[in-house]
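What follows is a single structure, written as structure tokens, with notes after it.
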Amino acid sequence: MVTALELPPRSKQPRVISQQKLQPQQSQSVKGLGLGITYSVVHTTPGRIRLRVPRLVCDANYAQRLQSLLAEEPSVTSVQIKPSAMSVAINYKNQEVSDRQMLSHLANLIQLAPLLICAASSASPDKPESDSSWFGLKFPLLATILTVLAGPFGLPIPAALIGGTVAAASAPVAKRAVASIWKQQRLNIDCLDLMAVALTAAQGNLMTPSLLLMLHELGDGIRDRTARTSANQSLNLLDSLSQYVWVERNGSKEQVAIDQIEPGEIVIVYPGEQIPVDGKILRGKASIDEQKLTGESVPVVREAGQQVYASTLVREGQLYILTERTGDNTRAGQSIQLVKNAPVYDTRMENYAAQLADKAILPALLLAGSVLATTGSLARAASILTLDFMTGIRVSVPTSVLASLTAAARRGILIRSGRALEQLAEVEVLVFDKTGTLTQGDVVMVGVTTISEEVSSTRVLALAAAAEQRLTHPVAAAVVNYARQQRVPELIRSEWDYKVGLGVQADIDGERVLVGSARFLGKQGISLEYLYEQHPELRGSSLIYVASNGKLLGVIEYTDPPRPESQKVIKALQNQGIEIHMLTGDNRRRAAAVAKQLDIPEDKTHAEAFPEQKAAVVRQLHESGKIVAFVGDGINDSAALAYADVSVSFGDGSDIARETADVVLMENDLSSLLEAVAIAKQTQEIIKQNTQLSVIPNVAALSLATTVGLHPLAATAVHNGSAIAAGVNGLRPLWNYPTLPL
């Protein structure tokens, strides 16, 4: 007998095309336009479509134009584009246009967006992009070209034109210097730059200030390019929920928008749907996948009287839920608030040069003034101000960071900011989520143990696979796959009855076979004590019990095994002196088993932790004065990711984890974490080298300028030469990858 489940009315049921990761062959493109921009449909419900467009992650202009194009559509009510997740979510008036028509229209708009970019560019060739980091280079570059053409090449360029261009180039520096003195009442690096420019220009030497200004703007432009582009992206943990749900009102079922549900209403959830509210089960029984919320790798059974939470998935069974909390008040919604309330740091790379310059300004001014008073030479004073050695640092630091970010991206590691790179190099504590991060996140069969030698393990596995065939539970699917791998004979199942959360009863080869949990067999009066007497090592293990005609035959042991690389990565990190912790929503027994396999100390293993508890552990470690990194991939990890000094997730993790993380391992391999740490430490070492390259030559030249004298052009050559050397050294990560500490 097969237990039938009630199905929702077909006419109004939301149409879900796919909620799984789409394979490349599922992607679509419109070749007729000659562009072939690929996209794929993630899911669609009445009035809402979500697409994945890979081009978004690497083309900011395309994302901006697509946003504008979609926003102008009269039938579109809202657009949400997340470039880092390659995601486009569109809400539209489904009363005016059908789902099929909208999807077809969106396909055309995706292909038209690049053409709109070209049209815009040709229509306004002189209009710079608003987010350009290089706009400030225009006047310094022009001034440098003019002074070179008029100087070494001797071209008859009017002095007024050159002077005006140099003045225009120095205007931003003057503006910042005045603002610093007037508003902050302090001298900064811009004050020093402005005085050096003024003194050298007063002597009629315009090439020196031009080169000085160009190098400064180049450094600022590179620094701005390292800013984290996803700072303004909104976070929405509940984005994956269907926009329409079934409720029971006045004895009948109605489909309503999710935002219309009120506490006290009865929500109906069918197999394959996500639970939209937090509440208590009134009727029904179901197997629920809570992995993204709690970290549990195996679905749990919930029945009448028990609590369920929004964003968890009903795999089997159906539920009538009394709504208690909705939207931001749900447990998943509270995770949103934890993320929003987390400390917000400036994601732009730390300006090392400005910090050093603040300390060097007063000594430089005093020295230049003393030399001027002693010798009366403006040239010597200008040389001292020119030799500020900050230029080399201002150029080389952001160059090093940008080169490292590029090198990391080439290796499948997305590091979002210079600050994240800096923090990663100094991490003292690494906290890992367990399920799906240190472990594979999938059920794997370990082996078969029989009750006696009279029963073969092949027979036990064959009976279990026959009973579990075509069931959607992940453990059942794992049993069937394991049987195929072991090439056991396939048996025929006749009548069968599946009990949600317990197991399955089936008639196979004339035998009444039971496959399921210890509780399932216990209800049938089958004792398990003899098994534990013969095999005490099985106590506490994850087991599937197999019985026939009222007698226990044996068990199949399963586990969620660690990733193949986990142990190697943990050991390598520990060898670097990094303290390792493991956080998980899983139970203590399973957590301890994984920790033991990976040599993680018991006192650094935290089990049965919900999102707020994970965030609390990370905060405690941070407040102890340590730099903390957290690695996780699920909704339940998002708060801890936000509170960590540096956060790490996987390319196939949940959208919220991927967007919250400072570092994303696109190859979904923990070994990439070692590469990221190695690149960060290499960058830190290069920055130290570049500081020496910038300081030592300038200090030596400064000694000459204060004693025997040094021409301003020679001083500029020394200080520009050291800046160029430091800048070239800063590019080293692009061709010299660090050795992994394995």
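The values are calculated or read from the model by the stated rules, or taken from the named source; none is laboratory data. Here the structure is a predicted model, which is why all the values come from computation and not from measurement. When we count neighbours, we look across all protein chains shown, and the Cβ atoms used for this are built from the backbone with ideal geometry, even at glycine.
General remarks:
- Residue match in region 579-590 (condition: assigned to a helix (DSSP H, G or I), touching a residue at least 60 places away in the same chain (Cβ under 8 Å) and surrounded by fewer than 21 Cβ atoms within 10 Å (Cβ to Cβ)): no
- Checked against (1) assigned to a strand (DSSP E or B); (2) in contact (Cβ under 8 Å) with a residue 24 or more places away in the chain; (3) farther than 18 Å from Ser287 by Cβ, Gly525 meets all criteria but (1).
- Test result for Gly501, in a loop (DSSP other than H, G, I, E, B) and surrounded by 19 or more Cβ atoms within 10 Å (Cβ to Cβ): yes
- Test: Asn690 is at pLDDT below 75, part of a helix (DSSP H, G or I) and surrounded by 24 or more Cβ atoms within 10 Å (Cβ to Cβ): no
- Matching residues in region 617-642 - criterion: being surrounded by 24 or more Cβ atoms within 10 Å (Cβ to Cβ) and hydroxyl-bearing (Ser, Thr, Tyr): Ser638
- Filter result for Ala63 (under 26 Å from Asp633 (Cβ atoms), aliphatic (A, V, I, L, M), surrounded by 12 or more Cβ atoms within 10 Å (Cβ to Cβ) and modelled with pLDDT under 80): no
- Residue match in region 537-544 (condition: aliphatic (A, V, I, L, M), farther than 25 Å from Asp509 by Cβ and outside any strand (DSSP E or B)): yes
- Residues that are over 8 Å from Ala467 (Cβ atoms) and hydrophobic (A, V, I, L, M, F, W, C), drawn from region 501-513: Leu502
- Look at region 434-451: where a residue is in contact (Cβ under 8 Å) with a residue 12 or more places away in the chain and a partner is part of a strand (DSSP E or B) and among the acidic types (Asp, Glu), sitting 6+ places away or on another chain with Cβ atoms under 7 Å, you get Val446/Glu557; Gly447/Glu557; Thr449/Glu557.
- Among the conditions (1) closer than 26 Å to Arg302 by Cα; (2) crowded, with 16+ Cβ neighbours inside 10 Å; (3) within 36 Å of the chain's Cα centre (by Cα), the only one that Ala464 does not satisfy is (3).
- For region 500-522, the set of residues classified as among the charged types (D, E, K, R) and in contact (Cβ under 8 Å) with a residue 60 or more places away in the chain is empty.
- Leading residue by the ranking (modelled with the lowest pLDDT) among those in region 512-522 that are part of a strand (DSSP E or B) and surrounded by 15 or more Cβ atoms within 10 Å (Cβ to Cβ): Gly516
- Thr472 being more than 36 Å from the chain's Cα centre (by Cα) and surrounded by fewer than 24 Cβ atoms within 10 Å (Cβ to Cβ): no
- Cross-chain or 6+ apart pairs with Cβ under 6 Å, region 36-49 first and surrounded by fewer than 19 Cβ atoms within 10 Å (Cβ to Cβ), then of a type in the set (Ser, Thr, Tyr) and part of a loop (DSSP other than H, G, I, E, B): Gly36/Ser29; Thr38/Ser27; Thr38/Ser29
- The residue that is nearest to Ile415 (Cα to Cα), counting only those in region 51-99 that are of a type in the set (Ser, Thr, Tyr) and in contact with an Asp or Glu (Cβ under 7 Å, 6 or more places away or on another chain), is Ser84.
- Checking Ser649 against (1) under 21 Å from Glu426 (Cα atoms); (2) part of a loop (DSSP other than H, G, I, E, B); (3) not aliphatic (A, V, I, L, M), the condition it does not meet: (2)
- The single residue among Val555, Val569, Val618, Val664 that is in a strand (DSSP E or B) and more than 30 Å from Arg459 (Cα to Cα) turns out to be Val664.
- Arg493 surrounded by fewer than 20 Cβ atoms within 10 Å (Cβ to Cβ), modelled with pLDDT of 90 or more, at negative phi and outside the structural domain of Asp289 (by TED's automatic domain parsing): yes
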